[in-house]
Amino acid sequence: MTARRRLVPYGLLGPGAIWLALFFVVPMYFMGELALRTGTFTEGFQSGFEVSNFSDALSGNTTQFVRSFVYAGTATLIALLIAYPLAYAIALRAGRWKLLLLFAVVAPFFTTYLIRTIAWKTILADESPVVSVLQALQLVPEDGRVLATGGAVIAGLTYNFLPFMILPIYASLERMDTSLIEAGKDLYASATQTFLRVTLPITAPGIVAGILLTFIPAVGDYINAEILGGTGTSMIGNVIQSLYLEQRNYPEAAALSFMMMVAILGVVLIYLRLAGTGAFMGDEEERG
Amino acid sequence: MEAATATARHVSDSAPARAWTWLRRNALMIYAGIAVAYMLIPIAIVGLFSFEKGTAQGEYWSDAFGQTAVNDSMIMSLELAALTMVVATAIGTLMALALVRYEFFGRRATNLLIILPMATPEIVIGAALLSLFITYSFDLGFTTLFIAHVMFSISFVVVVVRSRLIGFDRSIEEAAADLGATPFATFRLVTLPLLAPGILAAALLAFALSLDDFVISNFNSGTAVTFPLYIFGASLRGIPVQVNVLATMLFAVTVIAIALVLWQQRRAEQMASVQPEQEV
């Protein structure tokens, strides 16, 4: 009976664990293997150990790599600046409006990602009212275009991943013991001091989670660059997509995505080491 | 600073001064209103465009299903999302049960296995799966899409159901056992109904994730065309207005579904909170 009971969790985990192992872990291996192959699509790829694929892929696409990190980093920073006060308002000031505001924050998810991005293309189109205002304020470059610039891509990335920044910050503010703010006031701290020395440090885990959840999808994105960008704004995602699906240069494509995965996994594993797996799963208890 | 606001409040007889105080006190909520409006702009644009004038106002709504290619892609997306939802929710719920209810060897590894897919950029997941399918010359199509969609939905199902399970009052189950219910009867009559809102929320999430996915699908679709894939292809030539109509319909349906889940959840909470008075 006890032996059987000990097997129960494995039975429950089985189907899901197998699915994830077969279609998440195993594919990573094959991507690595594909990255080491030689040959071309028409002549066929031979398995090999062509490590230079990695360095070639990197040196050939340095611009796009750097651009991806700059765009995603800028978008993440702007998203943080927009999200924190909003999350603060929803968590601590909204009262009976709380549920409605939260609902509005996730509402963009209920329309297709692509449609939202295409809607931004309309909003930022050359003759649109928004662009006219920006032109009047002289906030756009000489030729008066917003679309097809890096700015448009960053704006799209910021918009599309903003909820991922808001929600974890909201959660950490919501969980915070507000009596600590009261205590700060009682001890004659100014509002700014209380915020900087009490609220901000306590909600730091939420901020870090938000940064990761925004930056990771943003750095790999290619929809925004494809729809809102122009010739000089392609990101690493665009390169991978084109190498895989258009040029069929699988080894280089696989090498690029492999390097991207390694870079991001490194960051995530460091984060998990510091914050525990619970931080990603939505609770704090389970550390280590 | 404190003193300044206090005096301002005393002296604020004049209208502008009062307006200024009001503005200062509500600045954060005003900002929240603006920020939320910004988040809703594209949805409003899509809704607005669905009423674009053909020969008559609202023409495309009465002809919402007039584009066969749009319909076909939508049907494929709905089928795929429904299938993904059923399988991912079943598998994910079992995993969540194992993680919350049992102590076992390999727990950390399992947690990692669930977290990593959520922390990997979609393009890497799509590319990796395509590498697997290329290596084994798998035919790309509905099946490979289904495999991929279940794969990326499982983690989200686990997270949602798990959070519901953690807040679960197990004394109700013990009570059922005390009253002579078999473990299976307890599960069916007590655990499952109480978990239902969490499972429902997870199922909806899986459905929505599948319906909306473009990047991973783009890598593994072959000739199959889902709704997002159709939109992407059409966006290069010009999108039929019906796409906006269908997107608006979908938005409305989702909003209603979520409202229902929230309502159900509140009811379940009321049900769970019916407890005998506590004796200290």
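Structure data summary
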item: Single condition B:P42 does not satisfy, out of (1) surrounded by 15 or more Cβ atoms within 10 Å (Cβ to Cβ); (2) free of Cβ contacts under 8 Å to residues at least 12 places away in the same chain; (3) in the same structural domain as B:L211 (by TED's automatic domain parsing); result: (3)
item: Candidate set: the stretch A:25-41, residues that are touching a helix residue (DSSP H, G or I) at 6+ places or on another chain (Cβ under 7 Å), surrounded by fewer than 22 Cβ atoms within 10 Å (Cβ to Cβ) and within 25 Å of B:A119 (Cα to Cα); chosen: the one farthest from the other protein chains (Cβ to nearest Cβ); result: A:L36
item: Selection within the stretch A:102-119 - of a type outside the set (G, A, S) and touching a Leu at 6+ places or on another chain (Cβ under 8 Å); result: A:V105, A:V106, A:P108, A:F110, A:T111, A:T112, A:T117
item: Test: residue in the stretch A:156-173 that is on the phi < 0 side of the Ramachandran plot, among the hydrophobic types (A, V, I, L, M, F, W, C), more than 20 Å from the chain's Cα centre (by Cα) and at pLDDT below 85; result: no
item: Residues within the stretch B:141-170 that are modelled with pLDDT under 90 and more than 21 Å from B:I199 (Cβ to Cβ), tallied; result: 1
item: Members of the stretch B:241-267 found to be more than 16 Å from A:T111 (Cβ to Cβ) and either out of contact with any helix residue (DSSP H, G or I) (no Cβ under 6 Å at 6 or more places or on another chain) or within 11 Å of chain A (Cβ to nearest Cβ) (or both), listed by number; result: B:A259, B:L260, B:L262, B:W263, B:R266, B:R267
item: Residue match in the stretch B:15-38 (condition: within 12 Å of another protein chain (Cβ to nearest Cβ), touching a residue at least 60 places away in the same chain (Cβ under 8 Å) and either in a helix (DSSP H, G or I) or of a type in the set (F, W, Y) (or both)); result: no
item: Unmet criterion (only one of (1) away from chain B (no Cβ under 14 Å); (2) modelled with pLDDT of 85 or more) for A:L101; result: (1)
item: Test for B:V157: is it surrounded by fewer than 21 Cβ atoms within 10 Å (Cβ to Cβ) and of a type in the set (V, I, T); result: no
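Residues are listed down the side, and each one gets a yes or a no for (1) buried (at least 19 other Cβ atoms within 10 Å of the Cβ); (2) of a type in the set (K, R); (3) under 18 Å from B:L130 (Cα atoms); (4) in contact with an Asp or Glu (Cβ under 7 Å, 6 or more places away or on another chain):
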| position | (1), (2), (3), (4) |
| --- | --- |
| A:G230 | no, no, no, no |
| A:N238 | yes, no, yes, yes |
| A:Q241 | yes, no, yes, no |
| A:L245 | no, no, yes, no |
| A:A275 | no, no, no, no |
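Yes/no per residue for (1) touching a residue at least 12 places away in the same chain (Cβ under 8 Å); (2) of a type in the set (S, T, N, Q); (3) touching a strand residue (DSSP E or B) at 6+ places or on another chain (Cβ under 8 Å):
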{"residue": "A:L102", "(1), (2), (3)": "yes, no, no"}
{"residue": "A:V105", "(1), (2), (3)": "yes, no, no"}
{"residue": "A:F109", "(1), (2), (3)": "yes, no, no"}
{"residue": "A:T112", "(1), (2), (3)": "no, yes, no"}
{"residue": "A:K121", "(1), (2), (3)": "yes, no, no"}
{"residue": "A:V133", "(1), (2), (3)": "no, no, no"}
{"residue": "A:V140", "(1), (2), (3)": "no, no, no"}
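The values are calculated or read from the model by the stated rules, or taken from the named source; none is laboratory data. Keep in mind it's a predicted model, so treat the numbers as computed, not measured. Because the Cβ atoms are built from the backbone with ideal geometry, glycine has one as well, and the counts that use them run over all protein chains shown.
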